[in-house]
Amino acid sequence: MFRRMLISVLVRQKKKLFLIALTVALGVSLATAMLNVMFDVGDKVNQELKAYGANLNIVPRGTALVSEMYQLDDNNGKQQAMQYIKQDDLVKIKMIFWAYNIVDFAPYLTAQANLNGKPITIVGTWFNKHLTIPTGDEVDTGMLAMKSWWTIEGNTMKDDNLKGVMVGETVAKQWNLKLGDTINITSPQTNNSLTLTVNNIFHSGGVEDSQIYVSLPVVQKLANKEGLVERVEVSALTTPENELARKAAQDPNSLSRTEWDTWYCTAYISSIAYQLEELMPDVRVKAIMQVAESEGSILQKTQLLMLLLTILSLICSALAISNLVTANVIERSTEIGLLKALGATNTAVAMLILTEILIIALLGGVFGYFIGLGFAQIIGHTVFGSFVEPKMIIIPLVLIMVGLITFVGSLPALRIMMFLRPTDVLHGR
């Protein structure tokens, strides 16, 4: 009997139940899209932020210790105790546990030189270096990917271009340089000299505008520092810092075994720095905390915004369902009164109403889930330019959401049904 009554209601009330299904579908679609993007947004936001600079700085251990001991800035530290990192060791950066989180890295070697008789800073680096890692992987890395906000005139600089130079905007204006011009560089320390052609003029908005950049071997030869670099900038995808990460950053030895395993196997900036120092014992890895903390703050605010949108969409769906179910119950008041007059209890009638609404809501929820996956892809391609991977955990969450908004939305209608008296309804009162 219950099944026959249920089928009868679904057939007779199909238009109104369709509106309920549509309401659920709209709410679930938005919630599904937001949750999928929220669970996938961490790497995507980090990836976007990587375009705005490095968050790790690798320097020789001796230089770092002297700078910290005497509270020297980087320039004074270089003057007091300059040490170097072996260029051959740089492939180890891509051999740590979190190697795939290392997006880009670039080494730097600085030399003081004379440009047409006047002092200038010349910087050697990798522009877009192709590396073969001992693990068999191949990567392309370099400064140009890490400085994507620079405005650069001219053709892309290549690492095998040993005669080209990237000239900062300030230098270009000071010496009235244009693309294709030739400049003479001389090292006052080694008396080595070379002739370079202006391949690019760039604007960085920082101190780099008063410097010139060349391929790393050029400065190594100019300064007689073959195979050596001063420092390395690293851009890594990281997990926002929490209390465990901050505790580990102060003293990793203070962690318990469980805390250690959790910290070491999570992509905190401190754990990545620790792993780099494990493989490269002659260096000190410094986290640029302003960048790391900004990334974490932006990520948390983005996820919070999406969570709030999800909650608001569910609240709106519950309110809309409440109105629709209430109208449905009022319209069927005669039928409900007759059921009660024949001996049906409030519980039995409530079960009938909830079952029919839940069936329709589940159908709408399934439809809304697939629409939400489409919305998630639109958001991913529009905002991040990439595919948003569907998360399986969203499916049980959708089922919970459907049940929740259906039950909450039906409460006002059930309350009306419980106080409905058969005598009033059947006598037209």
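The values are calculated or read from the model by the stated rules, or taken from the named source; none is laboratory data. Treat the numbers as computed from the prediction; the structure is a model and nothing was measured. FYI the Cβ positions are ideal-geometry reconstructions off the backbone, even for glycines, and counts take in every protein chain you see. Surface areas here come from the heavy atoms of the whole protein model, side chains and all, with no ligands, DNA or RNA. Shrake-Rupley method; radii C 1.70, N 1.55, O 1.52, S 1.80 Å.
Just one of the listed residues (Leu305, Leu319) is touching a residue at least 60 places away in the same chain (Cβ under 8 Å), under 34 Å from the mean Cα position of the chain (by Cα), open to solvent by 30 Å² or more (accessible area, probe 1.4 Å) and under 30 Å from Asp40 (Cα atoms), and it is Leu319.
Residues in segment 378-398 that are in contact with a His (Cβ under 9 Å, 6 or more places away or on another chain) and within 20 Å of Val366 (Cβ to Cβ): Val388 alone.
May I ask you to verify whether Thr132 is within 15 Å of Pro217 (Cα to Cα) and out of contact with any helix residue (DSSP H, G or I) (no Cβ under 7 Å at 6 or more places or on another chain)? Here the answer is no, as Thr132 does not meet what is asked.
The strands (runs of 3 or more DSSP E) found entirely in segment 124-187 that carry 1 or more residues being open to solvent by 50 Å² or more (accessible area, probe 1.4 Å) are 129-132, 138-141, 151-153, 182-186. Pull out all pairs, ordered by first then second residue, where Cβ-Cβ is under 8 Å, the residues are six or more apart or on different chains, the first lies in segment 354-368 and is closer than 18 Å to Ala413 by Cβ and in contact (Cβ under 8 Å) with a residue 60 or more places away in the chain, and the second is among the polar types (S, T, N, Q) and surrounded by fewer than 21 Cβ atoms within 10 Å (Cβ to Cβ). From segment 354-368, the pairs are Glu356/Gln13. Checked against (1) closer than 27 Å to Ala145 by Cβ; (2) surrounded by fewer than 18 Cβ atoms within 10 Å (Cβ to Cβ); (3) modelled with pLDDT of 80 or more, Val37 meets all criteria but (2).
Scanning segment 222-235 for residues being in a loop (DSSP other than H, G, I, E, B) and touching a residue at least 24 places away in the same chain (Cβ under 8 Å) gives a total of 5. Candidates Leu6, Leu49, Leu90, Leu22: the one that is farther than 30 Å from Asn224 by Cβ, in a helix (DSSP H, G or I), hydrophobic (A, V, I, L, M, F, W, C) and modelled with pLDDT of 60 or more is Leu22. Being of a type outside the set (S, T, N, Q), assigned to a helix (DSSP H, G or I) and in contact (Cβ under 8 Å) with a residue 24 or more places away in the chain: is that true of Val219 here? Considered against the rule, which asks whether it is of a type outside the set (S, T, N, Q), assigned to a helix (DSSP H, G or I) and in contact (Cβ under 8 Å) with a residue 24 or more places away in the chain, Val219 comes out as yes. Here Glu241, Glu277, Glu259 are screened, and the one residue that is open to solvent by less than 70 Å² (accessible area, probe 1.4 Å) and in a loop (DSSP other than H, G, I, E, B) is Glu241. Using the structure shown, decide if Ala54 is assigned to a loop (DSSP other than H, G, I, E, B), of a type outside the set (Lys, Arg) and at pLDDT below 90. Yes; evaluated as a whole, the condition is true for this residue.
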